[in-house]
1. Of all residues in segment 33-64 being surrounded by fewer than 17 Cβ atoms within 10 Å (Cβ to Cβ) and of a type in the set (A, V, I, L, M, F, W, C), which is modelled with the lowest pLDDT?
2. What are the residues in segment 34-89 that are assigned to a loop (DSSP other than H, G, I, E, B) and hydroxyl-bearing (S, T, Y), if any?
3. Quick one: which residue in I40, I54 is touching a Ser or Thr at 6+ places or on another chain (Cβ under 7 Å) and β-branched (V, I, T)?
Amino acid sequence: MAQYDSNLDNHSVEAQTQNSVDKLHNAVSQALSHPAEQLIEQAEQSRTHAEHAIQQAKDSLGDDAVEVAEEMLGEEVQRLDQAKKTLRS
């Protein structure tokens, strides 16, 4: 039973990490569609949350478990930078 509970915890951590990256994606998409300072700030907050979620997942599950989430985070950071440039131009 302990192994089953451990697997549930692992899936929960992975799901929470993926959810945080998905929320970042949505926030960045919104900031790109409607460049505004408030939306950029919300995307930055989502970025911070996703970074923390990934770090926590790494600590508990190891690097391999968050490899895809880290790649997605990198893509979203680039998109967020693009949204910032759009706002400033």
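The values are calculated or read from the model by the stated rules, or taken from the named source; none is laboratory data. Just so it is clear, the model here is predicted, and its values are computed rather than measured. Every residue, glycine as well, gets a Cβ built from its backbone with ideal geometry; the counts of neighbours run over all protein chains shown.
1. L61
2. Keep residues of segment 34-89 that are assigned to a loop (DSSP other than H, G, I, E, B), which gives 34-36, 62, 89.
Matches in segment 34-89: S89 only.
3. On the way: I40 fails: touching a Ser or Thr at 6+ places or on another chain (Cβ under 7 Å).
Answer to the check: I54.
One line per residue, one yes/no per condition, for (1) of a type in the set (G, A, S); (2) out of contact with any Leu (no Cβ under 9 Å at 6 or more places or on another chain); (3) closer than 14 Å to T17 by Cα; (4) touching a residue at least 24 places away in the same chain (Cβ under 8 Å):
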{"position": "P35", "(1), (2), (3), (4)": "no, no, no, yes"}
{"position": "E41", "(1), (2), (3), (4)": "no, yes, no, no"}
{"position": "S46", "(1), (2), (3), (4)": "yes, no, yes, yes"}
{"position": "A53", "(1), (2), (3), (4)": "yes, yes, yes, yes"}
{"position": "K58", "(1), (2), (3), (4)": "no, yes, yes, no"}
{"position": "G62", "(1), (2), (3), (4)": "yes, yes, yes, no"}
{"position": "E67", "(1), (2), (3), (4)": "no, yes, yes, no"}
{"position": "M72", "(1), (2), (3), (4)": "no, no, yes, yes"}
{"position": "R79", "(1), (2), (3), (4)": "no, no, no, yes"}
